[in-house]
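Taking it in order: structure first as C-alpha coordinates, then the write-up.
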Amino acid sequence: MTDIKSMTQPELAAWLKERGEPAFRAKQLFLWLHRGAGSFDEMTNLSKSLREKLAAECRITRPQVARKQVSALDGTIKYLWQLQDGNCIETVLMRYHHGNTVCISSQVGCRMGCAFCASTLGGKVRDLTPSEMLDQVLFTQLDSGLPISNIVLMGIGEPLDNFDTVLRFLELVNHPDGLNIGMRHISLSTCGLVDKIDKLAQHRLQLTLSVSLHAPDDETRSRIMPVNRGIGVERLFAACRRYFEVTGRRISYEYAMIDGVNDSDRQADLLAAHLKGTPGHVNLIPLNEVKESPLRPSRRVAEFQKRLERQGVTVTVRRKLGGDIDASCGQLRRKAMKEDTLDGRA
(Lines give C-alpha, C1' and ligand atoms only; values in the text may rest on other atoms or scores of the structure.)
Protein backbone atom coordinates (compact mmCIF):
# COMPACT_ATOMS: atom_id res chain seq x y z
CA MET A 1 0.00 0.00 0.00
CA THR A 2 1.30 3.45 -0.93
CA ASP A 3 2.21 5.72 1.99
CA ILE A 4 0.42 8.67 0.45
CA LYS A 5 1.18 11.21 3.19
CA SER A 6 4.90 10.85 2.45
CA MET A 7 4.32 12.15 -1.10
CA THR A 8 4.89 15.75 -2.16
CA GLN A 9 2.15 17.69 -3.95
CA PRO A 10 3.78 17.26 -7.41
CA GLU A 11 4.10 13.53 -6.75
CA LEU A 12 0.43 13.38 -5.81
CA ALA A 13 -0.45 15.19 -9.04
CA ALA A 14 1.56 12.68 -11.09
CA TRP A 15 0.00 9.75 -9.21
CA LEU A 16 -3.49 11.09 -9.85
CA LYS A 17 -2.77 11.80 -13.53
CA GLU A 18 -1.76 8.16 -14.04
CA ARG A 19 -5.23 7.24 -12.83
CA GLY A 20 -7.08 9.69 -15.02
CA GLU A 21 -7.72 12.30 -12.34
CA PRO A 22 -7.25 16.07 -12.81
CA ALA A 23 -4.15 17.68 -11.30
CA PHE A 24 -6.13 20.07 -9.06
CA ARG A 25 -7.16 17.10 -6.95
CA ALA A 26 -3.58 16.90 -5.65
CA LYS A 27 -3.95 20.09 -3.61
CA GLN A 28 -7.29 18.95 -2.19
CA LEU A 29 -5.81 15.60 -1.17
CA PHE A 30 -2.70 17.25 0.28
CA LEU A 31 -4.82 19.61 2.39
CA TRP A 32 -6.87 16.74 3.82
CA LEU A 33 -3.77 14.72 4.71
CA HIS A 34 -2.06 17.67 6.38
CA ARG A 35 -5.14 18.49 8.43
CA GLY A 36 -5.07 15.03 9.99
CA ALA A 37 -7.75 13.16 8.01
CA GLY A 38 -7.79 9.54 9.14
CA SER A 39 -9.69 8.02 6.23
CA PHE A 40 -10.45 8.79 2.61
CA ASP A 41 -14.18 8.81 3.38
CA GLU A 42 -13.64 12.07 5.26
CA MET A 43 -12.46 13.77 2.05
CA THR A 44 -15.93 14.87 0.98
CA ASN A 45 -14.84 17.16 -1.87
CA LEU A 46 -13.25 14.21 -3.67
CA SER A 47 -15.41 12.06 -5.92
CA LYS A 48 -16.57 8.71 -4.60
CA SER A 49 -14.73 6.89 -7.37
CA LEU A 50 -11.46 8.62 -6.46
CA ARG A 51 -11.92 7.85 -2.78
CA GLU A 52 -12.42 4.20 -3.69
CA LYS A 53 -9.20 4.21 -5.77
CA LEU A 54 -7.32 5.80 -2.90
CA ALA A 55 -8.66 3.31 -0.35
CA ALA A 56 -7.72 0.38 -2.59
CA GLU A 57 -4.14 1.50 -3.20
CA CYS A 58 -3.08 3.76 -0.35
CA ARG A 59 -2.81 3.94 3.41
CA ILE A 60 -2.93 6.93 5.74
CA THR A 61 -0.55 6.88 8.68
CA ARG A 62 -2.04 7.88 12.02
CA PRO A 63 -0.24 7.14 15.31
CA GLN A 64 -2.10 6.28 18.49
CA VAL A 65 -1.45 7.95 21.83
CA ALA A 66 -0.09 5.08 23.90
CA ARG A 67 0.73 7.36 26.80
CA LYS A 68 0.56 11.09 27.48
CA GLN A 69 2.36 12.71 30.41
CA VAL A 70 2.08 16.35 31.44
CA SER A 71 4.76 17.94 33.60
CA ALA A 72 3.49 19.43 36.84
CA LEU A 73 6.52 21.72 36.80
CA ASP A 74 6.20 23.55 33.49
CA GLY A 75 3.37 22.04 31.40
CA THR A 76 5.70 20.12 29.07
CA ILE A 77 3.83 17.25 27.39
CA LYS A 78 5.49 13.96 26.46
CA TYR A 79 3.76 11.60 24.05
CA LEU A 80 4.47 7.94 23.58
CA TRP A 81 3.14 7.20 20.10
CA GLN A 82 2.35 3.71 18.88
CA LEU A 83 3.04 3.40 15.16
CA GLN A 84 1.07 1.17 12.83
CA ASP A 85 3.64 -1.64 13.05
CA GLY A 86 3.50 -1.64 16.87
CA ASN A 87 6.79 0.19 17.42
CA CYS A 88 6.81 3.20 19.72
CA ILE A 89 8.54 6.57 19.69
CA GLU A 90 8.47 9.63 21.93
CA THR A 91 7.68 13.26 21.12
CA VAL A 92 7.84 16.25 23.48
CA LEU A 93 5.89 19.51 23.35
CA MET A 94 7.61 22.39 25.17
CA ARG A 95 6.15 25.80 25.92
CA TYR A 96 8.28 28.93 25.62
CA HIS A 97 7.44 32.63 25.65
CA HIS A 98 8.25 32.78 21.93
CA GLY A 99 5.89 29.90 21.04
CA ASN A 100 5.42 26.18 21.34
CA THR A 101 8.22 23.85 20.25
CA VAL A 102 7.87 20.17 19.41
CA CYS A 103 10.85 17.82 19.71
CA ILE A 104 10.40 14.92 17.30
CA SER A 105 12.09 11.58 16.65
CA SER A 106 13.59 10.50 13.33
CA GLN A 107 14.18 6.79 14.00
CA VAL A 108 12.84 3.98 16.15
CA GLY A 109 15.84 3.65 18.45
CA CYS A 110 19.34 4.87 17.63
CA ARG A 111 22.62 3.16 16.77
CA MET A 112 25.03 5.96 17.72
CA GLY A 113 25.72 4.66 21.23
CA CYS A 114 26.27 7.94 23.12
CA ALA A 115 26.97 7.10 26.76
CA PHE A 116 24.73 9.78 28.25
CA CYS A 117 21.62 9.21 26.11
CA ALA A 118 18.68 6.89 26.78
CA SER A 119 17.58 6.91 23.13
CA THR A 120 20.38 4.59 22.08
CA LEU A 121 19.61 1.87 24.63
CA GLY A 122 18.59 -1.22 22.66
CA GLY A 123 20.00 0.17 19.39
CA LYS A 124 18.20 1.13 16.21
CA VAL A 125 15.13 -0.76 15.03
CA ARG A 126 14.31 1.14 11.85
CA ASP A 127 14.08 4.54 10.19
CA LEU A 128 10.88 6.52 10.41
CA THR A 129 9.06 7.50 7.20
CA PRO A 130 8.41 11.13 6.23
CA SER A 131 4.75 10.70 7.18
CA GLU A 132 5.66 9.30 10.61
CA MET A 133 7.85 12.32 11.27
CA LEU A 134 5.15 14.69 10.03
CA ASP A 135 2.51 12.94 12.14
CA GLN A 136 4.41 13.79 15.32
CA VAL A 137 4.02 17.49 14.60
CA LEU A 138 0.50 17.25 13.24
CA PHE A 139 -1.06 15.04 15.91
CA THR A 140 0.80 16.67 18.80
CA GLN A 141 -0.79 19.92 17.68
CA LEU A 142 -4.23 18.36 17.22
CA ASP A 143 -4.20 16.43 20.50
CA SER A 144 -2.83 19.26 22.65
CA GLY A 145 -4.85 22.01 21.02
CA LEU A 146 -1.70 24.15 21.08
CA PRO A 147 -0.32 25.75 17.89
CA ILE A 148 3.22 24.66 17.08
CA SER A 149 5.59 27.29 15.74
CA ASN A 150 8.98 25.57 16.13
CA ILE A 151 10.40 22.09 15.51
CA VAL A 152 13.57 20.49 16.82
CA LEU A 153 14.79 17.20 15.39
CA MET A 154 16.40 16.16 18.66
CA GLY A 155 14.26 13.23 19.74
CA ILE A 156 15.04 9.55 19.29
CA GLY A 157 17.47 8.78 16.47
CA GLU A 158 20.17 10.53 14.44
CA PRO A 159 18.44 12.66 11.76
CA LEU A 160 21.36 12.59 9.31
CA ASP A 161 21.40 8.78 9.55
CA ASN A 162 17.95 8.96 7.92
CA PHE A 163 18.99 11.67 5.48
CA ASP A 164 16.57 11.37 2.55
CA THR A 165 13.56 10.90 4.80
CA VAL A 166 14.47 13.98 6.83
CA LEU A 167 14.80 16.10 3.69
CA ARG A 168 11.39 14.92 2.51
CA PHE A 169 9.88 15.68 5.93
CA LEU A 170 11.34 19.19 5.84
CA GLU A 171 9.82 19.79 2.41
CA LEU A 172 6.43 18.57 3.59
CA VAL A 173 6.29 20.46 6.89
CA ASN A 174 7.48 23.67 5.20
CA HIS A 175 4.84 23.58 2.45
CA PRO A 176 2.38 26.53 2.49
CA ASP A 177 -0.58 24.16 1.97
CA GLY A 178 0.54 22.05 4.92
CA LEU A 179 1.73 23.04 8.38
CA ASN A 180 3.79 25.83 6.78
CA ILE A 181 6.53 25.93 9.43
CA GLY A 182 9.44 28.01 8.14
CA MET A 183 12.96 26.63 7.95
CA ARG A 184 14.26 29.28 10.34
CA HIS A 185 11.92 27.80 12.94
CA ILE A 186 13.45 24.32 12.59
CA SER A 187 16.59 22.95 14.27
CA LEU A 188 18.27 19.71 13.25
CA SER A 189 20.63 17.99 15.69
CA THR A 190 23.43 15.65 14.64
CA CYS A 191 26.13 13.81 16.53
CA GLY A 192 28.53 14.81 13.75
CA LEU A 193 28.25 12.68 10.60
CA VAL A 194 30.76 14.69 8.58
CA ASP A 195 29.84 13.47 5.09
CA LYS A 196 26.16 14.12 5.75
CA ILE A 197 26.89 17.62 7.12
CA ASP A 198 28.64 18.42 3.84
CA LYS A 199 25.73 16.92 1.90
CA LEU A 200 23.19 18.92 3.91
CA ALA A 201 25.13 22.14 3.28
CA GLN A 202 24.65 21.74 -0.47
CA HIS A 203 20.87 22.09 0.00
CA ARG A 204 21.44 25.54 1.57
CA LEU A 205 18.47 25.21 3.90
CA GLN A 206 17.86 28.06 6.32
CA LEU A 207 17.38 25.76 9.31
CA THR A 208 19.63 25.77 12.38
CA LEU A 209 22.18 22.97 12.52
CA SER A 210 22.90 21.83 16.08
CA VAL A 211 26.00 19.69 16.55
CA SER A 212 26.01 17.43 19.60
CA LEU A 213 29.62 18.03 20.50
CA HIS A 214 29.91 17.26 24.24
CA ALA A 215 33.73 17.22 24.25
CA PRO A 216 36.45 19.24 22.45
CA ASP A 217 39.11 16.50 22.43
CA ASP A 218 39.21 13.10 20.76
CA GLU A 219 40.06 11.13 23.88
CA THR A 220 36.98 12.30 25.78
CA ARG A 221 34.60 12.49 22.85
CA SER A 222 35.47 9.01 21.58
CA ARG A 223 34.88 7.62 25.08
CA ILE A 224 31.37 9.05 25.43
CA MET A 225 30.42 9.18 21.72
CA PRO A 226 31.60 6.14 19.71
CA VAL A 227 30.78 7.91 16.43
CA ASN A 228 33.84 10.13 16.99
CA ARG A 229 36.25 7.20 16.65
CA GLY A 230 35.84 7.17 12.89
CA ILE A 231 35.67 10.93 12.47
CA GLY A 232 37.69 12.94 14.99
CA VAL A 233 37.10 16.39 16.40
CA GLU A 234 39.31 18.21 13.86
CA ARG A 235 37.37 16.78 10.90
CA LEU A 236 34.09 17.63 12.59
CA PHE A 237 35.02 21.27 13.18
CA ALA A 238 36.34 21.52 9.62
CA ALA A 239 32.97 20.29 8.32
CA CYS A 240 31.20 22.84 10.53
CA ARG A 241 33.34 25.63 9.09
CA ARG A 242 32.50 24.48 5.56
CA TYR A 243 28.81 24.36 6.46
CA PHE A 244 28.91 27.97 7.63
CA GLU A 245 30.81 29.09 4.53
CA VAL A 246 28.21 27.50 2.22
CA THR A 247 25.02 28.38 4.10
CA GLY A 248 25.90 31.46 6.12
CA ARG A 249 24.06 29.85 9.05
CA ARG A 250 25.70 29.93 12.47
CA ILE A 251 25.97 26.49 14.10
CA SER A 252 24.80 25.71 17.62
CA TYR A 253 27.08 23.36 19.57
CA GLU A 254 25.31 21.24 22.19
CA TYR A 255 27.45 20.42 25.20
CA ALA A 256 26.10 18.19 28.00
CA MET A 257 28.01 19.03 31.17
CA ILE A 258 29.26 15.80 32.75
CA ASP A 259 30.94 15.78 36.15
CA GLY A 260 34.67 15.09 35.89
CA VAL A 261 34.48 14.11 32.23
CA ASN A 262 34.20 17.19 30.01
CA ASP A 263 33.95 20.14 32.41
CA SER A 264 37.58 21.11 33.10
CA ASP A 265 39.14 24.52 32.45
CA ARG A 266 41.46 22.90 29.91
CA GLN A 267 38.49 21.61 27.94
CA ALA A 268 36.78 25.01 28.05
CA ASP A 269 39.94 26.59 26.63
CA LEU A 270 40.22 23.95 23.92
CA LEU A 271 36.58 24.45 22.93
CA ALA A 272 37.11 28.20 22.68
CA ALA A 273 40.19 27.62 20.50
CA HIS A 274 38.23 25.39 18.11
CA LEU A 275 35.53 28.05 17.70
CA LYS A 276 37.88 30.98 17.15
CA GLY A 277 37.21 32.70 13.83
CA THR A 278 33.96 30.88 13.04
CA PRO A 279 30.59 32.18 14.28
CA GLY A 280 29.03 29.65 16.61
CA HIS A 281 26.97 29.35 19.73
CA VAL A 282 27.53 26.95 22.63
CA ASN A 283 24.50 25.60 24.42
CA LEU A 284 25.52 24.09 27.76
CA ILE A 285 23.15 21.37 28.92
CA PRO A 286 23.10 20.38 32.59
CA LEU A 287 23.25 16.59 32.25
CA ASN A 288 19.96 14.81 32.76
CA GLU A 289 20.52 11.55 34.58
CA VAL A 290 19.75 8.24 32.88
CA LYS A 291 19.42 5.40 35.38
CA GLU A 292 21.46 2.98 33.24
CA SER A 293 24.40 5.41 33.05
CA PRO A 294 27.05 6.10 35.74
CA LEU A 295 27.53 9.66 34.43
CA ARG A 296 26.43 12.51 36.68
CA PRO A 297 25.68 16.24 36.19
CA SER A 298 28.59 18.65 36.37
CA ARG A 299 28.93 21.01 39.31
CA ARG A 300 30.95 23.48 37.22
CA VAL A 301 28.43 24.75 34.68
CA ALA A 302 28.67 28.40 35.77
CA GLU A 303 32.50 28.36 35.88
CA PHE A 304 32.69 26.68 32.46
CA GLN A 305 30.29 29.24 31.00
CA LYS A 306 32.25 32.21 32.38
CA ARG A 307 35.56 30.83 31.09
CA LEU A 308 34.15 30.48 27.57
CA GLU A 309 32.59 33.95 27.67
CA ARG A 310 35.89 35.52 28.71
CA GLN A 311 37.32 34.14 25.46
CA GLY A 312 34.58 35.65 23.32
CA VAL A 313 32.34 32.58 22.94
CA THR A 314 28.57 33.10 22.93
CA VAL A 315 27.14 30.73 25.56
CA THR A 316 23.73 29.90 26.99
CA VAL A 317 22.66 27.30 29.55
CA ARG A 318 19.67 25.29 28.42
CA ARG A 319 16.58 25.56 30.54
CA LYS A 320 15.50 22.15 31.80
CA LEU A 321 11.93 21.27 30.86
CA GLY A 322 9.88 18.17 31.64
CA GLY A 323 12.39 16.69 34.07
CA ASP A 324 9.66 15.11 36.18
CA ILE A 325 8.39 13.09 33.20
CA ASP A 326 11.83 12.16 31.72
CA ALA A 327 11.26 14.50 28.80
CA SER A 328 14.53 16.41 29.03
CA CYS A 329 17.48 16.18 26.65
CA GLY A 330 18.96 12.67 26.57
CA GLN A 331 16.09 11.06 28.45
CA LEU A 332 13.87 9.96 25.54
CA ARG A 333 13.85 6.29 24.80
CA ARG A 334 12.06 3.73 22.67
CA LYS A 335 9.51 2.05 24.92
CA ALA A 336 8.34 -1.53 24.52
CA MET A 337 4.58 -1.86 24.34
CA LYS A 338 2.80 -3.45 27.26
CA GLU A 339 -0.62 -5.01 27.13
CA ASP A 340 -2.13 -2.26 29.26
CA THR A 341 -0.44 0.73 27.57
CA LEU A 342 -3.20 1.72 25.18
CA ASP A 343 -5.94 1.83 27.79
CA GLY A 344 -3.91 4.25 29.89
CA ARG A 345 -2.68 2.04 32.72
CA ALA A 346 1.02 2.06 31.76
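Some values worked out for this structure:
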| item | result |
| --- | --- |
| Condition broken by Glu234, with the remaining ones in (1) farther than 19 Å from Val315 by Cα; (2) in a strand (DSSP E or B) satisfied | (2) |
| Search result, residues across the range 212-237 that are of a type in the set (Gly, Ala, Ser) and either outside the structural domain of Asp263 (by TED's automatic domain parsing) or surrounded by fewer than 22 Cβ atoms within 10 Å (Cβ to Cβ) (or both) | Ser222, Gly230, Gly232 |
| Entirely in the range 238-346, the strands (runs of 3 or more DSSP E) that have 1 or more residues that are among the charged types (D, E, K, R), in the same structural domain as Arg126 (by TED's automatic domain parsing) and modelled with pLDDT of 90 or more | 251-257 |
| Qualifying residue in the range 214-230 (condition: more than 28 Å from Leu80 (Cβ to Cβ), assigned to a loop (DSSP other than H, G, I, E, B) and touching a strand residue (DSSP E or B) at 6+ places or on another chain (Cβ under 9 Å)) | yes |
| Meets criteria (among the hydrophobic types (A, V, I, L, M, F, W, C), free of Cβ contacts under 8 Å to residues at least 60 places away in the same chain and closer than 20 Å to Leu146 by Cα) for Leu31 | no |
| Residues within the range 277-288 that are in contact (Cβ under 8 Å) with a residue 12 or more places away in the chain and either more than 14 Å from Cys240 (Cα to Cα) or more than 27 Å from the chain's Cα centre (by Cα) (or both), tallied | 6 |
| Single unsatisfied condition, Asp164 versus (1) within 19 Å of Asn87 (Cα to Cα); (2) at pLDDT 95 or above | (1) |
| Among residues of the range 172-206, those that are over 29 Å from Gln28 (Cβ atoms) and under 14 Å from the mean Cα position of the chain (by Cα), counted | 5 |
| Any hit, the range 193-211, residues being over 30 Å from Ser131 (Cβ atoms), in the same structural domain as Thr101 (by TED's automatic domain parsing), surrounded by 21 or more Cβ atoms within 10 Å (Cβ to Cβ) and hydrophobic (A, V, I, L, M, F, W, C) | no |
| Contacts under 8 angstrom Cβ, first residue in the range 158-184 being outside any helix (DSSP H, G or I), partner aromatic (Phe, Trp, Tyr) and at pLDDT 95 or above, 6 or more apart | His175/Phe30; Asp177/Phe30; Gly178/Phe30 |
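The values are calculated or read from the model by the stated rules, or taken from the named source; none is laboratory data. None of the values given here were measured: they were computed from a predicted structure. So basically every Cβ, Gly included, is an ideal-geometry build from the backbone, and we count neighbours across all protein chains shown.
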